[in-house]
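Please read the structure below before turning to the comments.
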Amino acid sequence: MKISLLYPGFENWVTPPLGLVYLATFLKEKGFDVSLKDYSKRKISSLEVIKDIEGSNLVGVYAGTNSSIFRSIKISKIAKKQGLPVCWGGPHPTELPEIAIKNDFVDYVIPGEGELPFLSLCNFIAKKIPKKNLQGVIYKEKGLIIKTPSLDFLDLDTLPVPDWNLLDDSCLDEDLLTYSNPLIETSRGCNYNCFFCRRPISFGKKLRYKSIQRVIIELKNLKKRFPNLKRIFIIDNTFTANKSRTIKLLKAIRKEDLNFSYTCDTRVDCVDEEIIHELKLTGFEWINFGVESGSPKILKLMKKGISPSQIKKAFYLCRNVGIKTFAFILLDNPSETYKDLLQTIILLLKIRANYYRISFLKPFSGTELFDLTKKYGFTKPESLNDYIYKIYDEDKLTFNFSKIHPFVLILTRKLFDTYNLIKNEGIKKTIIYVIKKFI
């Protein structure tokens, strides 16, 4: 039995499909014939997709919650025209499985962690198990939506080491070697309670760690597969959540001379002077922090569990040792006032991050925020088009939940975007960019 896993990617840049590499390797180990195709950095061609899925018995398509969703739709329609069953996995069907399965170009949906449910589906397609024994899969039958029993989360060390040779080399270009790309995970899950976050929906609220030995094996595998690789983004939700484990892992990385430039996501309350020192010694160039707001009131509303003083301290510690910082901020929160916005702006200027990423709040289904915003007139999307309009683009101010005028919110983001350009590209390149964009 042949399975085609298709990653739509983005037309203008490469983001390696780490999740699909894990899935493809897992299925290959179980005895299935698996092909993995990445359509990054090119337009979706019907002829190319048809050629890639030739002889397949099942097509799996990654469906995100960003602009790549349009590419997922196009790929799925092409596959369906060839008479093949299509399964969607990824953030979009995890968040809104009922909407995903309604589409006539989608036959199966797998929300959340995909390895075991997709194996169940493959066994059914291969006629190894009856449909009644499917687990973790949603499908349609005679106009009804059928939800099968869910599966437990995996022990991550039981997954095979990802086989990067499954990935088409045509997409492993200079972007992969130059930029910090998501190439490894050392844990899954998130045990924090941020009211806007959908990550626990995918991998659960319990943190599951890979063993240190397993992480080292994966890093060595990457070094062997990509000899010129320079930068790695570790995609754990909170890389430094367990201090003692983090320090042991960092020391093991140094001992094995795995000298990449690293980037990670973490929280400001999960770093201290010792952790930052160890990260710097190991080659961490960037740390991404979810700052979200400078207002204690809004941070409390978000259930972030952090304070402005913790935010300032974390950025100071990084700046003191020369680690660059990326600050994520969310504006347009319910009950947010001009005073709250001013507190946020003042805090952002004080922390002196190397890059600021301001987004507007989006109420994802399954989050506490979603329930909160119902009283503001927000309703759950009823179709894919409705979803695309309401949610998919975090850069668009689709709704106005706060007490701040939309013009002020948009202006604030544009000012920090300009700051980013000047700080990281210089005044000359910024002026050229503005001229090209607006003239």
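Points to keep in mind about this one:
- Pair list, Cβ < 9 Å and 6+ apart or interchain, from region 404-428 residues that are assigned to a helix (DSSP H, G or I) to residues that are of a type in the set (Gly, Ala, Ser) and surrounded by 13 or more Cβ atoms within 10 Å (Cβ to Cβ): Leu409/Ser402; Arg413/Ser359
- Residues considered: Leu372, Leu421, Leu331. Of these, the only one that is over 19 Å from the mean Cα position of the chain (by Cα), at pLDDT 95 or above and assigned by TED's automatic domain parsing to the domain that holds Cys197 is Leu331.
- Within region 248-279, considering residues that are under 26 Å from the mean Cα position of the chain (by Cα) and in a loop (DSSP other than H, G, I, E, B), the one nearest to Asn221 (Cα to Cα): Leu258
- Residues in region 410-422 that are out of contact with any strand residue (DSSP E or B) (no Cβ under 8 Å at 6 or more places or on another chain) and among the basic types (Lys, Arg): Lys414 only.
- Test: residue in region 133-143 that is buried (at least 22 other Cβ atoms within 10 Å of the Cβ), outside the structural domain of Phe370 (by TED's automatic domain parsing), at pLDDT 95 or above and not in a strand (DSSP E or B): yes
- When Asp52, Asp104, Asp38 are screened for being under 30 Å from Leu144 (Cβ atoms) and charged (D, E, K, R), only Asp104 passes.
- Leading residue by the ranking (modelled with the lowest pLDDT) among those in region 375-400 that are surrounded by 13 or more Cβ atoms within 10 Å (Cβ to Cβ) and of a type in the set (S, T, N, Q): Thr398
- Residue within region 58-80 that is farther than 18 Å from Pro17 by Cα and without any contact (Cβ under 8 Å) to a residue 12 or more places away in the chain present: no
- Taking the listed residues Ile232, Ile217, the one that is among the aliphatic types (A, V, I, L, M), surrounded by fewer than 20 Cβ atoms within 10 Å (Cβ to Cβ), touching a residue at least 12 places away in the same chain (Cβ under 8 Å) and more than 30 Å from Thr344 (Cα to Cα) is Ile217, with no other qualifying.
- Qualifying residue in region 294-305 (condition: free of Cβ contacts under 8 Å to residues at least 40 places away in the same chain, surrounded by fewer than 16 Cβ atoms within 10 Å (Cβ to Cβ), under 25 Å from Lys206 (Cα atoms) and not small (Gly, Ala, Ser)): yes
- Residues (part of a loop (DSSP other than H, G, I, E, B) and of a type in the set (Gly, Ala, Ser)) located in region 187-236: Gly189, Gly204, Ser211
- Among residues of region 102-160, those that are in contact (Cβ under 8 Å) with a residue 60 or more places away in the chain and basic (Lys, Arg), counted: 1
The values are calculated or read from the model by the stated rules, or taken from the named source; none is laboratory data. Computed from a predicted structure; not experimentally measured. Cβ: placed from backbone, ideal geometry, glycine included. Neighbour counts: every protein chain shown.
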